[in-house]
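Just so it is clear, none of the values below were taken in a lab; they were calculated from the coordinates. These numbers were taken from a predicted model, which means no experiment stands behind them. Glycine also receives a Cβ, built like all others from the backbone with ideal geometry; neighbour counts cover every protein chain displayed.
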Amino acid sequence: MCELPSCSSGDTPFAAGLAEVRAGRRTLLKVGGAGVAFSTAAGALGAAAAAAAAAPPGNRKRAYVLVVDGCRPEEIDSGLTPNLAALRNGGLRFPRASSMPVMETIPNHVMMMTGMRPDRTGVPANSIYDRKLGETRTMERASDIKVDTVIERLNRKGYRTGTVLSKEYLYGVFGDRATARWEPAPIIPISGHAPDHFTMNAALTMVEELDPHLMFVNLGDIDRFGHSDFTGTTVRVARKLALVDTDLLVGRFVDMLKSTGRWEHSIVVVLADHSMDWSRPDRVISLQSSMDADPFLGGKVAISANGGADLLYWTGAAAERTRAITRMRQIALATPGVLSAPRRTDKWLRLGPEAGDVVVFCKSGWRFSDPDPITDNPIPGNHGHPATRAIPFFIGGGHPRVPSRSASSAHAKTVDVAPTIASFFGVGSPRRGWDGIARL
Ligand SMILES: [Zn+2]
């Protein structure tokens with residue numbers, strides 16, 4: 001039996017994490033009455049304490065990154081989120097902010113923490129066709145991120161870092177990079193995430209118990225309630241409840257920072273990883289059958305579906321790739337609901353070879369369901385396509401670096417988070433530079 005508050009079985013990131021804890025490779029720091037479990041690499045505590053003693057001056061600085069997963073920017077003006085609105089209006093806001101392709105959860109969280117685009121991070125989408133395995137899979141392995149994150153950059157300078165990630169695959173892909181990691185619980189089956197109430201409780205406890213200099217938090221409820229809506233009216237009700245609830249939790253977090261004297265030393269970066277679009281039941285695109293029906297392409301195209309984006313992989317002879325790409329694009333572009341079908345190698349995409357050969361985006365109000373048009377992606381709430389680019393992005397907090405009541409005309413992006421954090425702590429930049437821009 002597992003002693004942790006929740007226990008998954010099977011080959012999931014969470015099961016792998018539990019196995020590390022059981023095998024003694026990670027140490028449980030606390031399994032308290034509140035049911036909050038944090039872990040750290042075995043032996044890391046002593047090292048962290050020694051490093052902290054040698055931490056650079058000014059280490060009262062704190063940075064908190066709160067991701068309101070799937071939140072649309074206009075929802076902050078809905079009247080349902082007074083705490084988020086106050087945080088935004090009191091600090092520096094970026095009205096033109098956006099998610100980056102592919103507008104999915106994992107690649108954008110990875111961009112936030114690496115400050116690099118997917119052709120460098122190795123993580124272009126939630127789901128890829130893994131050519132080595134010969135199957136599609138979720139990018140949820142810690143080894144999927146090929147570059148340093150700002151988390152490791154801070155660790156090396158003696159700062160403490162923490163991850164409080166509500167979704168199993170985020171927990172998986174960030175692995176044991178942070179000094180301390182929340183072992184999320186309870187996880188809701190199917191949705192694969194811990195409710196925000198538990199996530200925020202863990203974030204508050206982590207600040208009180210471990211006081212990380214940087215803490216990276218994913219709040220998954222707004223996204224999950226967006227996905228699970230089936231009709232235009234229940235959409236709004238469930239989504240509204242999630243917005244109200246998550247906003248109250250963010251308010252609790254800000255209150256804690258103020259009541260414990262941390263606010264004056266803190267920046268609080270709030271953003272979404274992508275927004276959300278809802279498709280009509282009859283507006284579903286499935287490309288697999290069209291590809292298979294083509295005499296040239298048939299049986300040689302693999303597809304990994306990512307909500308509003310389909311990644312197409314040519315699995316035939318390399319010598320025929322150019323012809324195959326042309327044909328895949330022709331078929332995709334002739335399909336109702338398809339917005340665009342750029343070549344993966346188009347420079348502006350910067351997705352890297354893991355993303356295949358052709359990236360197909362849908363129009364607003366549509367979604368992909370591949371390879372099976374009935375069983376894959378039956379949910380109307382989706383993102384990944386250009387209609388879901390706009391995100392809320394603002395920096396609050398009482399640290400003097402945060403301008404008060406300011407709006408920036410800059411086009412801020414998810415990839416800007418790591419350079420902003422690195423600049424705040426003064427920990428330098430990667431040898432080949434950031435792809436994002438420090439926004440403070
Ligand atoms: Zn997301």
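For residue 97, the amide hydrogen comes within under 5 Å of the amide hydrogens of 391, 412, counting only partners 5 or more places away or on other chains and with H modelled in the peptide plane. Of all DSSP bridge pairs formed entirely within the chain, close to 60 percent run antiparallel. Only Lys, Arg, Asp and Glu carry charge here, each on its Cβ (+1 for the first two, -1 for the last two); on that basis the range 284-380 has a dipole of about 420 debye about its Cα centre. When the charge dipole of the chain is built from unit charges on Cβ atoms (+1 for Lys and Arg, -1 for Asp and Glu) and taken about the Cα centre, the candidate among 35, 169, 359 whose Cα reaches farthest toward its positive end is 359.
The range 284-380 has equivalent-ellipsoid semi-axes of 20, 16, 12 Å, by the square roots of 5 times the alpha carbon gyration tensor eigenvalues, sorted largest first. Only residues of the range 300-315 count here: report those whose backbone N is under 17 Å from the spot 7 Å along Cα→Cβ of residue 343, or say none. Output list for this probe position: 312-315.
Work out the count of Lys pairs in the chain where the Cα-Cα distance is under 17 Å, with the pair 8 or more places apart or on different chains. Numbers along the way, then the final one.
Details: 61/157; 61/258; 132/146; 132/300.
Lysine pairs, 8 or more places apart or on different chains, close enough: 4.
Determine the gain in length on full extension of the stretch residue 77-residue 143; use 0.36 nm per residue of separation and subtract their C-alpha separation, reporting nm with one decimal. Please report the intermediate quantities before stating the final value.
Numbers: separation 66, 0.36 × 66 = 23.76 nm, distance 3.88 nm.
My answer for the length gained is 19.9 nm.
Spacing of the modelled spin labels on residue 401 and residue 190, each 7 Å from Cα toward Cβ, amounts to 4.3 nm. With the simple spin-label model, which puts each label point 7 Å out from Cα in the Cβ direction, the residue 294 to residue 315 separation comes to 1.6 nm. Fully extending the segment from residue 256 to residue 23 would add 80.4 nm, taking 0.36 nm per residue of separation and subtracting the current Cα-Cα distance. Averaging the sequence gap over all C-alpha pairs within less than 8 Å and six or more residues apart, then dividing by the number of residues, gives the chain a relative contact order of 25 percent. Selection among 243, 187, 325 by position relative to the dipole of the chain gives 325 as farthest towards the positive end (Cβ unit charges, Cα centre). Expressed per residue, the C-alpha convex hull volume of the chain stands at 139 Å³. The calculated FRET efficiency for the pair residue 333 and residue 283, based on their C-beta separation and a Förster distance of 25 Å, comes to about 0.90.
Based on the Cβ-Cβ distance of residue 130 and residue 59, what FRET efficiency does E = 1/(1 + (r/R0)^6) give at R0 = 35 Å, to the nearest 0.05? Kindly include the intermediate steps, with their values, before the conclusion.
On the way: r = 41 Å, r/R0 = 1.17.
It comes to 0.30.
Sequence gap at least 6, Cα distance under 8 Å: using those rules, report the relative contact order of the range 284-380 to the nearest whole percent.
On the way: 176 pairs, mean separation 35.7, N = 97.
Relative contact order here is 37 percent.
Couplings 3J(HN,Hα) of the range 306-319, computed from phi: 10, x, x, 9, 10, 9, 10, 10, 7, 10, x, 5, 4, 5 Hz, in residue order, whole Hz [Karplus 6.51 cos²θ - 1.76 cosθ + 1.60, θ = phi - 60°; x for Gly and Pro].
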